[in-house]
Amino acid sequence: MASYTKAAQQWATFARAWYLIDGKMQPPGKLAAMSVIRLQGKHKPMYHALSDCGDHVVIINTRHIAFSGNKWEQKVYSSHSGYPGGLKQVTATQLHLKDPTAVVKLAIYRMLPKNLHRRTMMQRLHLFPEDVIPEDIRNNLVEELAQPRRIPKRLDEYTQEEIDAFPMLWTP
């Protein structure tokens, strides 16, 4: 009987959990920083760099991410084919219009350690442009992580009572 409980305890220790992150109005770098910790397994007390103990991360609403400043036009993603004149440069806007998940995927890929575990960690990353998730993935979800940045309310989201209660700074 003791071996059964040990096996169950060991299974629970090494089991892969599924985490959900909502990417609406969040910077890709903040989403990547949160995801990389879970993908590597650094949040677990038994973490070791050579062991593959990371969890699955599901990010929804990648179509609605937000860059600060003018990064949509200024951030450039470069790739080279290896041939002369084979440099391709694409702005964040062009990449996002082509594939809404590509900006977040590249941010996470570049933040992961550059070793042989990176491909297997990227296989545990699931990106969705909207909040529609397949049923088999939704059944596996364990926890929804808090968004890294608080989203401010728009003016039309305030009730009339909240607007009236707001202190007047200047009256004509």
Exercise. What's the center-to-center distance, using Cα atoms, between the range 35-53 and the range 143-166 in Å?
Worked result: 34
Seminar exercise, completed: For the range 1-116, the dipole about the Cα centre with charges only on Cβ (Lys and Arg +1, Asp and Glu -1), to the nearest 20 debye, works out at 100
Problem set entry | With DNA, RNA and ligands ignored, accessible area of residue 14 (1.4 Å probe; Å², nearest 10) | 120
Exercise. Considering only 28, 103, 85, whose Cα is most displaced toward the positive end of the charge dipole of the chain, charges sitting on Cβ of Lys, Arg (+1) and Asp, Glu (-1)?
Worked result: 85
For this session: Please go through the residue pairs 24/114; 75/105; 71/105; 6/42; 30/105; 44/114 and name each one whose alpha carbons sit more than 19 Å apart in this structure.
Result: 24/114; 6/42; 44/114
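Okay, helix-only estimate at 222 nm for the chain: each DSSP H run of n ≥ 4 adds -39500 (n - 2.57), divide by all residues, round to 500 deg cm²/dmol; what do you get?
On the way: 8 runs with 65 residues, N = 172.
Taken over the chain, the calculation gives -10000 deg cm²/dmol.
Only Cα pairs under 8 Å and at least 6 apart count here; give the relative contact order of the range 1-157 as a rounded whole percent.
Details: 214 pairs, mean separation 52.2, N = 157.
Relative contact order here is 33 percent.
The values are calculated or read from the model by the stated rules, or taken from the named source; none is laboratory data. This one's a predicted model, so the numbers in the text were calculated from it and none came from an experiment. Glycine also receives a Cβ, built like all others from the backbone with ideal geometry; neighbour counts cover every protein chain displayed. SASA here: full protein model, heavy atoms, side chains in, ligands and nucleic acids out. Shrake-Rupley method; radii C 1.70, N 1.55, O 1.52, S 1.80 Å.
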